[in-house]
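Here is the structure we will look at, set down as structure tokens.
The values are calculated or read from the model by the stated rules, or taken from the named source; none is laboratory data. Just so it is clear, the model here is predicted, and its values are computed rather than measured. Note: ideal-geometry Cβ built from the backbone for every residue, glycine included; neighbour counts use all protein chains shown.
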Amino acid sequence: MGGFRTPGQAIHGTLQLVTEVIKSCSEYFAGLVMEAISATISTFFDFLKGSVTGFAGITTSAIVGLVEKTKTSLESVDGLLTDYPEVSKGFSEMVYRIVNNTWNDFKDAFEYVTENA
């Protein structure tokens, strides 16, 4: 019976080695897959952040243009409303608040997206 013991131990040892090799390869490939997923997600968020930043530049340009056009329009309206200074002042204040609140909301949303992206 002692003769069967040595080949059995050898087969058992070989199976343990094969198990360890398979386990090591599985861990290595799982690590590679996790790195690939992480890189893909990171690239996606970098793209998203770049898109938001580009959108912010475009929006800023649009708001600046809007403010300039509004200023020009207000100057012409102010010329027409010289008889009603309260209306002119109230209209100017209303437009300023709308533009200012829109700009502040946009800045807050942009900061939130860039911090959480």
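Candidates in region 19-56 are the residues that are among the aromatic types (Phe, Trp, Tyr) and modelled with pLDDT under 80; of these, the one that is nearest to residue 114 (Cα to Cα) is 45. Of all residue pairs spaced 6 or more apart or on separate chains, those with beta-carbon atoms under 7 Å, a first member in region 28-50 that is touching a residue at least 24 places away in the same chain (Cβ under 8 Å) and a second member that is part of a helix (DSSP H, G or I) and surrounded by 10 or more Cβ atoms within 10 Å (Cβ to Cβ) are 49/114. Annotation note: Cβ proximity below 7 Å between a residue of region 51-74 that is over 12 Å from residue 106 (Cα atoms) and a residue that is at pLDDT 70 or above (sequence gap 6+ or interchain) occurs for 66/99; 67/99; 70/95; 70/99; 74/92; 74/95. Being modelled with pLDDT of 80 or more, under 31 Å from the mean Cα position of the chain (by Cα) and not aromatic (Phe, Trp, Tyr) is a property that does not hold for residue 59.
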